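A.B. asks: Got a structure for you, questions after.
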Amino acid sequence: MMAMSCKDGKGVMDNGKYVRYTPEQVEALERLYHECPKPSSLRRQQLIRECPILSNIEPKQIKVWFQNRRCREKQRKEASRLQAVNRKLTAMNKLLMEENDRLQKQVSHLVYENGYFRQQTQKSGVASKDTSCESVVTSGQHHLTPQHPPRDASPAGLLSIAEETLAEFLSKATGTAVEWVQMPGMKPGPDSIGIVAISHGCTGVAARACGLVGLEPTRVAEILKDRPSWYRDCRAVDVLNVLPTANSGTIELLYMQLYAPTTLAPARDFWLLRYTSVMEDGSLVVCERSLNNTQNGPSMPTVQNFVRAEMLPSGYLIRPCEGGGSIIHIVDHMDLEPWSVPEVLRPLYESSTVIAQKTTMAALRQLRQIAQEVSQPNVSNWGRRPAALRALSQRLNRGFNEALNGFTDEGWSMIGNDGIDDVTVLVNSSPDKLMALNLTFANGFPAVSNTVLCAKASMLLQNVPPAVLLRFLREHRSEWADNNIDAYLAAAAKISPCSLPGARIGGFGNQVILPLAHTIEHEELLEVIKLEGVVSCPEDAMMPRDMFLLQLCSGMDENAIGTCAELIFAPIDASFADDAPLLPSGFRIIPLDSVKEASSPNRTLDLASALEVGPSANRSSSDNSGSGNNMRSVMTIAFQFAFESHLQDNVASMARQYVRSIISSVQRVALALSPHLGSQAGLRSPLGNPEAHTLARWICQSYRCFLGVELLKSSGDGSDAVLKSLWHHSDAIMCCSLKALPVFTFANQAGLDMLETTLVALQDITLEKILDDHGRKTLCSEFPQILQQGFACLQGGICLSSMGRPVSYERAVAWKVLNEEENAHCICFMFMNWSFV
């Protein structure tokens, strides 16, 4: 047998002697290797014939050389990967050591302050109460800031402000100027997004992050300066003036506008100074602050419909990392003027966690995503590159924000209501808006629409996590898109080519979700929705067509704190071009975690009623401050419609009714999803349902009857204990009906987790949908045995969750569930040791 070696340029013969290849032979073999790294036996013989220089080498030797060459290539790639991992760990270790030093300084500073205040307290006693001190230590309350004299905005004055901003920013990024605490829910580690912290006890709201990115510092700075490309709330950043500095830096004067997240608060804008410079150690710094009180230089007057907010010294410290990439420190510190919004919404403007999620972490995710695309420039589904898909998701989000805000400079104007103020309607007939749409019908005829209408509303939700509600809206479109709107659509179709997003005439047979990509790591999911059998107009009633929607989902993680959930979609045609016109509509659900208000008998409230309360809207009760009943969120809905301008009154009336029907559907769904016991575990728990107690007893009795053993080890006495033990059983237990097309009727907590659904949505999932071909064949063969013998043991396999994710299980048991009259009630399945693949 021939031995093998990984030494370059040597083959091994049967007699054990090495044969050295000449440089010319090695060069020829290398060239052939790059053409075909794993040639077949016939190909190797052909190589010898085609290359005279290899004629004296036996085919066996050629085979061994290629084996060794592949071995060396594999070792080289592994060594390169390990070196990259080592560089990353070295940089992370350096970052953690710096963070540890900063924390030690912060601890020392706090110990000193604690001792100082203790001494002051002992000296002054209880009688000394200085209101100025109270204003300093009070966090999150609006108070009048002292009026400083105007700052000089001449070139020399701006340079002084820039240097001051740089020093203050660095003291926050690497010093102890702000007391930072770890972001709730963040777990630092090699695979985490970075080290994220939020401020405690400082003016305004602030967040800080540091991490590693695989991009050079100049590229990082370029991406971060382009704020609208990654900060979804950013409408525009205009550079109004640029001043070079003596140290090769630049001072820029910026005007920035942010979208309002809901219909109930005005948008924000900033008048900023941005200073870019290179430090002595080669680090690149980009820092910013507001210029709200200046003289002798440029200024920005207040703009209608915007509230002027303040950015305190913030920015980015970008240091080159040994071996490539960058170490980045980010600080975002703002005063968003929470006094200007209704009391119920102030948590959105007083939460450092919200700033961290929407701004600081968004910047890190964008950098990591682009770095991954640079290293792995692969084509995703539907032949799209990741950057193209990310651009589509940005267009969807931006179009939704534009409709929700309805700025007059974009051509939006409000039309009168119908006597009820719950739905706001705006129209836009500006040429720019219509040219961007370039609408066409599914039948190929050009659209004659010359106006776009937006109907929008906000509502307060109670006791429903945004992620749970969003998943339901995504998975069960017919629950909210089919709300007696057929009549409105049919009437509009007879007189106008009006297109209602998410709606239908005559119904659709099925909804098919076609995933495209996660556009920002795993935070956003871009997908195409195929609505099968849509009747787009009465003339097509005999020939239903398929309708396609481009859809963006975000905020589906229940464990993420401070994250808003969004479902934004727009109709597209089957060609799905990169520059396809988009008219986005959808939902945005923002948690109001810090609001603590007594529970209301109405689980879903109209936000207008809450706004009428005024300052008392923030009342809290110590009796229920820790219960799940205080979970509140605000949902904003915005839907856009294209139509002919002379039909404005008809379409406006139809749009109002349509949005109201959606609100009614969301209220109904929220009631179904909200807990009945005031606990987080009750969000999907049936423990308060008498029917569930009876079913749990039948399930356990039938299992004992057919299999001869107890299903539950120890359930205690009473039906409550049985259901509770079944609900918390470690294996996935679920029941399905005895129908031609079995659907699920019950599942315990593990079963809902396995199917990635809720009890309400469970009843729309068929047994056939979760099984693969092998599982369906196995079940068909075993089903007669289950009905005859009463049970069957199934081998392990793969099934699918409602989200389309594969789930493996080691084995399963199916048994017939009998009722009190010993008639078959349903079939119960138990999947053991399951896990997502």
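The values are calculated or read from the model by the stated rules, or taken from the named source; none is laboratory data. Computed from a predicted model, the values in this text were never measured in an experiment. Every residue, glycine as well, gets a Cβ built from its backbone with ideal geometry; the counts of neighbours run over all protein chains shown. Note: areas computed on protein heavy atoms with side chains; ligands, DNA, RNA excluded. Shrake-Rupley method; radii C 1.70, N 1.55, O 1.52, S 1.80 Å.
A.B. asks: Starting from the eigenvalues of the Cα gyration tensor, five times each then square-rooted, give me the equivalent ellipsoid semi-axes of segment 709-837, largest first, whole Å.
C.D. replies: For segment 709-837, the semi-axes come out at 21, 18, 14 Å.
A.B. asks: Also, I was wondering about something else. Quick one: putting +1 on the C-beta of Lys and Arg, -1 on the C-beta of Asp and Glu, what dipole do you get for segment 337-377 around its Cα centre, in Debye to the nearest 20?
C.D. replies: Charge dipole of segment 337-377: 180 debye, to the nearest 20.
A.B. asks: Per-residue accessible area for residue 370 at 1.4 Å probe radius, Å² rounded to 10?
C.D. replies: About 20 Å², rounded to the nearest 10.
A.B. asks: What GluC sites (Glu not before Pro) does segment 192-292 have in DSSP loop regions with at most 10 other beta carbons within 10 Å?
C.D. replies: Working: sites: 222, 252, 280, 288; in loops: 280.
Here the GluC sites (Glu not before Pro) that fit, given the DSSP loop and packing criteria, are 280.
A.B. asks: Taking 0.36 nm per residue of sequence separation and subtracting the Cα-Cα distance, how much length would be gained by fully extending the chain between residue 783 and residue 833, in nm to one decimal?
C.D. replies: 15.8 nm
A.B. asks: Cross-link list 777/816; 530/816; 172/225; 38/88; 358/456; 739/777: which exceed 28 angstrom alpha carbon to alpha carbon?
C.D. replies: 530/816; 38/88
A.B. asks: Rounded, prolate or oblate for segment 205-259? Axes are the square roots of the Cα gyration tensor eigenvalues, ordered a ≥ b ≥ c, and the cut-off for rounded is a/c under 1.5.
C.D. replies: On the way: a/c = 1.81, a/b = 1.06, b/c = 1.71.
Since a/c reaches 1.5 but b/c is at least a/b, the shape of segment 205-259 is classed as oblate.
A.B. asks: Below 8 Å, C-alpha to C-alpha, sequence gap of six or more: please give me the relative contact order for segment 254-351 in percent.
C.D. replies: It comes to 24 percent, rounded to a whole number.
A.B. asks: If you don't mind, there's one more thing I want to ask. Run the 1.4 Å probe and let me know the accessible area of residue 653, rounded to the nearest 10 Å².
C.D. replies: That residue has around 60 Å² of solvent-accessible surface.
A.B. asks: Could you tell me the accessible area of residue 646 in Å² (1.4 Å probe, neighbours in place), rounded to the nearest ten?
C.D. replies: Rounded to the nearest 10, that gives 130 Å².
A.B. asks: For 811, 49, give the ranking by accessible area with the largest first, probe 1.4 Å.
C.D. replies: Greatest to least solvent exposure: 49, 811.
A.B. asks: Let me ask something else. Taking the Cα centre of segment 263-382 as origin, sum charge times position over the Cβ atoms of Lys and Arg (+1) and Asp and Glu (-1), and report the length of that vector in debye to the nearest 20.
C.D. replies: The dipole of segment 263-382 has a size of about 220 debye.
A.B. asks: Right, next: Could I have the simple spin-label model distance between residue 337 and residue 242, label points 7 Å from Cα toward Cβ, reported in nm to one decimal?
C.D. replies: If labels sit at residue 337 and residue 242, their model points lie 3.0 nm apart.
A.B. asks: Work out, step by step, the length gained on full extension between residue 107 and residue 821: first 0.36 nm times the residue separation, then minus their alpha carbon distance; give nm to one decimal.
C.D. replies: 250.0 nm
A.B. asks: Continuing with the same structure: So, R0 is 45 Å and r is the distance between the beta-carbons of residue 793 and residue 578; what FRET efficiency does that work out to, to 0.05?
C.D. replies: Numbers: r = 52 Å, r/R0 = 1.15.
Efficiency, from the Cβ-Cβ distance: 0.30.
A.B. asks: Within segment 50-78, what residues put their amide N at less than 18 Å from the label point 7 Å along the Cα-to-Cβ vector of residue 87?
C.D. replies: Counting backbone N atoms under 18 Å from the label point, the list is 76-78.
A.B. asks: Net charge near residue 289, counting Lys/Arg +1 and Asp/Glu -1 over other residues with Cβ under 11 Å of its Cβ? Display every interim value, and only then the final one.
C.D. replies: Numbers: positive: 151, 274; negative: 164, 168, 288, 310.
Around residue 289, the charge tally is -2.
A.B. asks: Could you check the spin-label model distance between residue 72 and residue 31? Points 7 Å from the Cα along Cα→Cβ, value in nm.
C.D. replies: In this crude label model, residue 72 to residue 31 measures out at 1.7 nm.
A.B. asks: If you don't mind, there's one more thing I want to ask. Might you tell me the accessible area per residue for segment 209-318, computed with a 1.4 Å probe and given in Å²?
C.D. replies: 37 Å²
A.B. asks: Under unit Cβ charges (Lys, Arg +1; Asp, Glu -1), what dipole magnitude, rounded to 20 debye, does segment 25-107 have relative to its Cα centre?
C.D. replies: The dipole of segment 25-107 has a size of about 220 debye.
A.B. asks: What shape does segment 263-403 take by its C-alpha gyration tensor, where a ≥ b ≥ c are the square roots of the eigenvalues and a/c under 1.5 counts as rounded, a/b above b/c as prolate, and the rest as oblate?
C.D. replies: In terms of gyration-tensor shape, oblate.
A.B. asks: Near residue 303, within a Cβ-to-Cβ distance under 10 Å, what is the net charge of the other residues, with Lys and Arg +1 and Asp and Glu -1?
C.D. replies: Around residue 303, the charge tally is -1.
A.B. asks: What nm distance separates the two modelled labels at residue 280 and residue 740, each placed 7 Å from Cα along Cα→Cβ?
C.D. replies: 8.4 nm
A.B. asks: Considering amide H positions built from the backbone, and no H for Pro or chain starts, which residues 5 or more places from residue 743, or on another chain, come under 5 Å of its amide H?
C.D. replies: Here 737, 767 satisfy the definition.
A.B. asks: How high is the relative contact order of segment 229-271, in percent, with contacts defined as C-alpha pairs under 8 Å that are six or more residues apart?
C.D. replies: 35 percent
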